[in-house]
Amino acid sequence: MSNPSQLKQLLSSPSIPLNDEFDIALLTANDLPDICKMLDDPEVSKYLFFAPSPHEVYQGYFQPIIEEIEKAKSENRLPNTVNLIIRHKDTNQFCGEIGLAPIDFHPGNYEIGYQIPTHVWGKGLATLGCQFMTLIAFDDLEAHKVTADCYAGNMGSARVLEKSGYIQEGCSKGYYQDANRSDDKLYFGMTKAQFDTMQS
Ligand SMILES: CC(C)(COP(=O)(O)OP(=O)(O)OC[C@H]1O[C@@H](n2cnc3c(N)ncnc32)[C@H](O)[C@@H]1OP(=O)(O)O)[C@@H](O)C(=O)NCCC(=O)NCCS
């Protein structure tokens with residue numbers, strides 16, 4: 001169900017419940033070691049164009065986001081980029097990262113992405129996280145379009161997007177090519193009108 005103040009709740013609390021078992025929180029510097037460890041796993045990086053990479057690369061990507069979130073908190077405003085961390089409610093074990101970034105310098109256009117560590121694959125966390133972030137995009141950040149893309153072979157990611165209400169809008173044939181494989185790139189999207197229809 002839509003809750004227009006989810007992002008404000010996250011800005012004012014260390015974490016909020018994602019479901020009975022898991023909490024969700026805004027990214028902080030303390031999460032970086034767990035993110036790096038997850039991205040070092042070849043199972044996780046198999047369909048990620050940016051991984052594996054040296055940890056400095058991840059640091060360089062996430063540090064400005066962490067600073068923007070901190071600045072937004074201190075200025076009592078919403079951040080323009082949102083990265084969320086899922087942790088187990090009882091153990092605090094790291095269970096995933098979901099990102100939402102503005103794109104193309106077009107106000108209202110955002111891109112969503114997510115990575116879940118293998119020990120909690122298949123528990124519905126990527127779907128829950130993607131749905132949670134989609135609410136933030138349209139309800140809190142007033143997105144008019146959210147997009148996502150994935151390797152065609154990444155059937156889990158494509159299914160997460162479909163289950164979250166995203167529609168496949170395109171396919172770039174042979175987009176990914178390296179010594180070991182060739183794969184297509186699938187483009188997904190959701191407009192504000194599609195989001196509103198889904199919510200009604
Ligand atoms: C893809 C990924 C995010 C899925 O996370 P998850 O938490 O296990 O996904 P969920 O449990 O929410 O599953 C959602 C759906 O996808 C299906 N699914 C998940 N992994 C799958 C796989 N490898 N192959 C086929 N279907 C898969 C699930 O069965 C479920 O569908 P169903 O409800 O119809 O049965 C996770 O495997 C991951 O982080 N992979 C590495 C990083 C990555 O590829 N990120 C996405 C980049 S675009």
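The values are calculated or read from the model by the stated rules, or taken from the named source; none is laboratory data. Just so it is clear, the structure is predicted and the values come from calculations on it, not from any experiment. Methodologically, a virtual Cβ is constructed for each residue, glycine included, from the backbone with ideal geometry; neighbour enumeration extends over all protein chains shown. Accessible surface is based on the protein model in full, side chains and every heavy atom, while ligands, DNA and RNA are left aside. Shrake-Rupley method; radii C 1.70, N 1.55, O 1.52, S 1.80 Å.
The combined condition, being away from the ligand (no atom under 14 Å from the Cβ) and either modelled with pLDDT under 95 or in contact with an Asp or Glu (Cβ under 9 Å, 6 or more places away or on another chain) (or both), is fulfilled by K173.
Matching residues to (1) modelled with pLDDT under 95; (2) surrounded by 17 or more Cβ atoms within 10 Å (Cβ to Cβ); (3) touching a strand residue (DSSP E or B) at 6+ places or on another chain (Cβ under 7 Å):
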residue: F132; (1), (2), (3): no, yes, yes
residue: A137; (1), (2), (3): no, yes, yes
residue: R159; (1), (2), (3): no, no, no
residue: G165; (1), (2), (3): no, yes, yes
residue: S182; (1), (2), (3): no, no, yes
residue: L186; (1), (2), (3): no, yes, yes
residue: M198; (1), (2), (3): no, no, no
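The residue that is most open to solvent (accessible area, probe 1.4 Å), among those in the stretch 117-130 that are among the hydrophobic types (A, V, I, L, M, F, W, C) and within 25 Å of L78 (Cβ to Cβ), is L128. Comparison of D34, D23 shows that the only residue that is open to solvent by 10 Å² or more (accessible area, probe 1.4 Å), in contact with a strand residue (DSSP E or B) (Cβ under 6 Å, 6 or more places away or on another chain) and in a helix (DSSP H, G or I) is D34.
Name every residue in the stretch 99-143 that is at positive phi and without any contact (Cβ under 8 Å) to a residue 24 or more places away in the chain, in order of residue number. Quick ask: steps written out before the conclusion?
Of the residues in the stretch 99-143, the ones at positive phi are 104-105, 108, 122, 124, 142.
Those that are at positive phi and without any contact (Cβ under 8 Å) to a residue 24 or more places away in the chain: D104, F105, G122, G124.
Checking the structure you have, find out if any residue of the stretch 71-94 is among the charged types (D, E, K, R) and either at positive phi or in a helix (DSSP H, G or I) (or both). Write out each step before concluding.
Initially, the stretch 71-94 is screened for residues among the charged types (D, E, K, R), giving 71, 73, 75, 77, 87, 89-90.
Now narrow it down to the ones that are either at positive phi or in a helix (DSSP H, G or I) (or both): 71, 73.
Within the stretch 71-94 (the criterion being among the charged types (D, E, K, R) and either at positive phi or in a helix (DSSP H, G or I) (or both)), the answer is yes, since at least one residue qualifies.
Determine, yes or no, whether L10 is away from the ligand (no atom under 13 Å from the Cβ) and open to solvent by 10 Å² or more (accessible area, probe 1.4 Å). Here the answer is no, as L10 does not meet what is asked. For the stretch 1-21, enumerate the residues that are closer than 23 Å to H119 by Cβ, in contact (Cβ under 8 Å) with a residue 24 or more places away in the chain and touching a helix residue (DSSP H, G or I) at 6+ places or on another chain (Cβ under 7 Å). Across the stretch 1-21, the qualifying residues are L18, N19.
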